[in-house]
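Okay, structure first, notes after.
The values are calculated or read from the model by the stated rules, or taken from the named source; none is laboratory data. Given the structure is predicted, the values throughout are model-derived calculations rather than measurements. Cβ coordinates were reconstructed from backbone atoms using ideal geometry, including for glycine residues, and neighbour counts include every protein chain displayed.
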Amino acid sequence: MRRLVVTCALLLAVAAPLSAAAARRAPVGGTLVVRGADNGEGTLPGARPVATLVIDGFVIGRISGLGRIEIYDLGADTAEAPEVSGALWHRDKTLKVRDLQLNGTAWGGTGLRFRAVNGAFRVVIWGSGVYLFAGGRGMVTLTGQAEAPLADGQYSLNGGDFHSIPVELTRQIAAQPVG
């Protein structure tokens, strides 16, 4: 019995510092929910995207109307490739940002569903009827309609109330302080 007690005490002594170190390294993030977003500009060249996310975490969503999505993998340690279903077309894309060259893929069609999980991504979305759920750390830019501000969809950050999407909004996706 004494041997069991000593073994348990040793395990607790080792486990406590290890779990504290793991908690410090774990990414702390927030959440974003977007429903029914549409900035009225469509998918033509020159149109402003409805949403642009640069996030370390995940993005899951759909575009119920005609849409286009570009997903760029920003990390070398991304566990899974992004998935898109319902696309009528897709093509490889290269985006130059400062001195970096980002490789990604663009998809287009009606009724797109997509997910980019377990990594760092740049996700750019054009179209109507955009629904998103994202979690992690990063930045989001949402673009609404100036002409019909009540028809441009809603967003919620970190479990807060839903708000109409303004003409342009940039927010950090991060955890809210507790208390």
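Here are some notes:
- Filter result for S64 (out of contact with any Leu (no Cβ under 8 Å at 6 or more places or on another chain) and among the hydroxyl-bearing types (S, T, Y)): yes
- Count of residues meeting criterion [outside any strand (DSSP E or B) and over 23 Å from R137 (Cβ atoms)] in the stretch 32-69: 10
- For the stretch 72-111, taking the residues that are of a type in the set (D, E) and in contact (Cβ under 8 Å) with a residue 24 or more places away in the chain, the one that is surrounded by the fewest Cβ atoms within 10 Å (Cβ to Cβ) is identified as D77.
- Matching option when the condition is part of a strand (DSSP E or B) and over 22 Å from T43 (Cβ atoms), among G129, G160, G135: G135
- Filter result for the condition that a residue is touching a Lys or Arg at 6+ places or on another chain (Cβ under 9 Å) and either touching a residue at least 24 places away in the same chain (Cβ under 8 Å) or within 18 Å of R48 (Cα to Cα) (or both), over F133, F114, F121: F114
- Taking first residues from the stretch 30-49 that are at pLDDT below 90 and partners that are acidic (D, E) and not in a loop (DSSP other than H, G, I, E, B), no Cβ contact under 9 Å between residues at least 6 apart in sequence or on separate chains turns up.
- One residue stands out among those in the stretch 154-174 that are closer than 17 Å to G57 by Cα and surrounded by fewer than 14 Cβ atoms within 10 Å (Cβ to Cβ): the one that is modelled with the highest pLDDT, which is G159.
- Condition check for I69: closer than 13 Å to V34 by Cα, touching a Gly at 6+ places or on another chain (Cβ under 9 Å) and surrounded by 19 or more Cβ atoms within 10 Å (Cβ to Cβ): no
- Residue that is surrounded by the most Cβ atoms within 10 Å (Cβ to Cβ), among those in the stretch 132-153 that are polar (S, T, N, Q) and within 30 Å of G75 (Cβ to Cβ): T143
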